[in-house]
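Engineer: Structure incoming, see below.
The values are calculated or read from the model by the stated rules, or taken from the named source; none is laboratory data. Predicted, not measured: the structure shown is a model, and the values here were computed from it. As a convention, Cβ positions derive from the backbone with ideal geometry for all residues, glycine included, and neighbour counts pool all protein chains shown.
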Amino acid sequence: MENSLFTANNIWMMICTGLVFIMHLGFSFLEIGLTRQKNTINILFKNMFIICAGLVLYALIGFGLMYPGEFNGVLGFGGLGLRLPENGLTAEYASGGYTYWTDFLFQGMFAATAATIVSGAVAERVKLESFILFTIIYVGLIYPIAGSWQWGGGFLSEMGFYDFAGSTLVHSVGGWAALIAVYLLGPRIGKFSESGKVGAIPGHNLPLATAGVLILWLGWFGFNGGSVLSADPAATSLVLVTTSLAAAAGGISGFLFAYIRYKKYDLTMFLNGILGGLVGITAGADQMGITDSLVIGLLAGVIVVLGVALIDKLKLDDPVGAIAVHLICGIFGTLAVGIFGAKAGWEQFVHQLVGVGLIGLFCCISAFIILFALKKTLGLRVSKEEEVEGLDLHEHGMTAYPDFRLD
Amino acid sequence: MKKIEAIIRKSKFDEVKDALHQVQVNFFSYWDVTGVGNEKEGHVYRGVTYSTSDIQRRYLSIVVSDSFLERTIDTILKTAYTGNVGDGKIFVSDISETYRIRTAEKGEGSLK
């Protein structure tokens with residue numbers, strides 16, 4: 001391969017690495033915006049930890065677990081740390097798509113997003129130490145093992161399962177853990193009354209939440225665009241189109257469906273709809289045509305609105321809608337590969353179903369073990385007094401806006 | 001008619017509000033205030049521990065007829081209490097006249 005082509009591919013992959021990185025900013029803003037001011041520092045802290053710990057863990061063990069080379073298809077380890085292979089800086093390494101270093105960093109940016117999904121769902125009442133320990137184990141071990149089953153060449157990929165950029169491997173891996181965590185953690189004080197009525201705890205900064213979603217959408221250009229694993233003009237340009245169309249359709253159907261149900265134009269449903277569309281297209285962004293993308297987005301928007309209502313009905317408190325967006329739309333997006341696009345067909349649909357089920361089983365069981373153990377030892381929640389007065393003051397000794405109040 | 005002004009902990013507000021509703025005190029205004037007092041909040045910023053005497057509290061302004069005065073004060077005293085320094089204060093003053101804007105009626109009837 002010509003060096004200029006290899007260079008071009010690698011440049012695109014590095015740009016995508018940066019775009020996926022900035023999604024953490026988007027997540028931070030979104031979570032802050034949809035929760036109360038008194039917990040802002042806590043959320044920022046958790047997100048900062050996820051980025052940093054995620055990357056370091058991926059360098060130490062994650063990359064080796066997720067891409068073990070030749071292995072039995074279920075569990076393998078390529079070795080501790082990062083070691084540049086002989087051809088790691090040449091076009092031989094990954095069909096000329098990128099170098100070994102780019103490979104590590106690009107994938108490393110994905111790893112932390114699994115834990116960040118959980119951080120939104122457990123916001124405002126989780127104990128920081130417990131969350132930190134959970135993140136270390138889940139991002140350090142569970143995420144890469146699940147990833148190895150497909151992207152690492154494991155048994156799921158051999159079976160024929162398809163997940164282009166991670167509707168299952170990233171979004172539902174985070175989503176399942178979010179579901180288990182929310183169940184074990186319990187709702188925030190005041191979310192559900194004794195009589196079972198659902199309360200609203202409005203976010204304190206919707207401009208920030210909106211900024212967050214736009215940043216996430218921008219980041220998705222790299223999330224999906226880079227999953228092509230080269231700068232191939234045909235594939236990358238198509239993927240960017242399907243991604244953005246699904247996002248746009250998701251937003252529109254999200255707000256319209258919410259209007260039909262609730263008679264109000266809810267901005268947060270618009271935002272969640274956009275994210276639902278993005279998650280929904282992620283499994284098959286390179287397989288879908290224009291109509292497919294729009295339909296997937298439209299369906300995802302409806303699913304998100306229904307999903308949020310369902311979670312409330314189940315008496316689970318999810319402050320940012322992480323379960324509806326990442327788990328439910330993640331499953332939908334994965335199954336969509338068997339329903340729409342180039343791979344549509346009954347056989348593929350079954351493959352997708354099996355993949356969803358096995359990953360779901362693995363994530364639920366492991367998340368439950370980790371979180372239940374934490375619940376019984378350290379405890380998962382802060383004390384009632386801390387929760388009411390705000391985590392910022394108690395866990396961090398500072399407030400996010402010392403000079404003025406936003407709530 | 002009397003005005004009861006209560007400065008209470010924000011964390012106690014929901015409890016106080018629900019208890020006031022229980023004794024049929026349904027109308028009052030409230031806002032967040034910053035004040036100085038005996039309680040100090042311990043903050044840590046970049047290695048420096050500083051205590052701020054600027055404390056956040058919630059200010060309730062309740063106007064009631066004389067017959068409601070005692071139960072309102074008792075309710076607040078009971079539900080806003082924690083036993084720690086910084087529980088707050090209650091002030092009582094006289095109100096010479098009250099009106100309901102919608103109907104222009106005045107006196108104790110406008111407080112119901």
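Engineer: Looking only at the range A:275-310, which residues are hydrophobic (A, V, I, L, M, F, W, C), part of a loop (DSSP other than H, G, I, E, B) and in contact with a Gly (Cβ under 8 Å, 6 or more places away or on another chain)? Break it down stepwise before answering.
Structural biologist: Initially, the range A:275-310 is screened for residues hydrophobic (A, V, I, L, M, F, W, C), giving A:275, A:278-279, A:281, A:283, A:285, A:288, A:290, A:294-296, A:298-300, A:302-306, A:308-310.
Those still in the list that are part of a loop (DSSP other than H, G, I, E, B) too: A:283, A:285, A:288.
Result: A:A283, A:M288.
Engineer: How many residues does the range A:39-67 hold that are among the hydroxyl-bearing types (S, T, Y), over 19 Å from the mean Cα position of the chain (by Cα) and over 14 Å from A:F29 (Cβ atoms)?
Structural biologist: Of the residues in the range A:39-67, 1 are among the hydroxyl-bearing types (S, T, Y), over 19 Å from the mean Cα position of the chain (by Cα) and over 14 Å from A:F29 (Cβ atoms).
Engineer: So, restricting to strands (runs of 3 or more DSSP E) that lie completely within the range B:1-86, which ones have at least 2 residues that are within 14 Å of chain A (Cβ to nearest Cβ) and polar (S, T, N, Q)?
Structural biologist: B:48-52
Engineer: Quick one: in the range A:365-407, which of the residues that are within 10 Å of another protein chain (Cβ to nearest Cβ) and of a type in the set (A, V, I, L, M) is nearest to B:D87 (Cα to Cα)?
Structural biologist: A:V388
Engineer: Determine the pairs where a residue that is more than 22 Å from B:G86 (Cβ to Cβ), located within the range B:24-35, has a partner that is basic (K, R) with Cβ atoms under 9 Å apart, the partner being 6 or more residues away or on another chain.
Structural biologist: Short answer, once both residue conditions are applied: B:Q24/B:R71; B:V25/B:R71.
Engineer: Where the second residue is of a type in the set (D, E) and the first is farther than 14 Å from A:C329 by Cβ and lies in the range A:254-283, which pairs have Cβ atoms under 6 Å and are six or more apart or on separate chains?
Structural biologist: What qualifies is A:A258/A:D266.
Engineer: Then there's this: Is there a residue in the range B:57-72 that is among the β-branched types (V, I, T) and exposed (fewer than 13 other Cβ atoms within 10 Å of the Cβ)?
Structural biologist: No, every residue in the range B:57-72 fails to be among the β-branched types (V, I, T) and exposed (fewer than 13 other Cβ atoms within 10 Å of the Cβ).
Engineer: Still on this structure, please answer the following. Could you please give the count of residues in the range A:26-72 that are assigned to a helix (DSSP H, G or I), crowded, with 20+ Cβ neighbours inside 10 Å and of a type in the set (S, T, N, Q)?
Structural biologist: Counting residues in the range A:26-72 that are assigned to a helix (DSSP H, G or I), crowded, with 20+ Cβ neighbours inside 10 Å and of a type in the set (S, T, N, Q) gives 5.
Engineer: Quick check on my filter: what residues within the range A:184-227 are surrounded by 18 or more Cβ atoms within 10 Å (Cβ to Cβ), within 21 Å of B:F13 (Cβ to Cβ) and either within 14 Å of another protein chain (Cβ to nearest Cβ) or in contact with a Phe, Trp or Tyr (Cβ under 8 Å, 6 or more places away or on another chain) (or both)?
Structural biologist: Result: A:R188, A:K191, A:H204.
Engineer: Report, by residue number, each residue of the range A:167-219 that is touching an Asp or Glu at 6+ places or on another chain (Cβ under 6 Å), among the hydrophobic types (A, V, I, L, M, F, W, C) and over 24 Å from A:L19 (Cβ atoms). Let's see the steps before the verdict.
Structural biologist: Let us first name the residues in the range A:167-219 that are touching an Asp or Glu at 6+ places or on another chain (Cβ under 6 Å), namely A:169, A:182, A:187-189, A:191, A:198, A:204.
Next, from what is left, pick out any that are among the hydrophobic types (A, V, I, L, M, F, W, C): A:169, A:182, A:189, A:198.
Scanning the range A:167-219 gives A:V182, A:I189, A:V198.
Engineer: Go through (1) modelled with pLDDT of 95 or more; (2) closer than 26 Å to A:F45 by Cα; (3) part of a helix (DSSP H, G or I) for A:G379 and report which single condition fails.
Structural biologist: Failed condition: (3).
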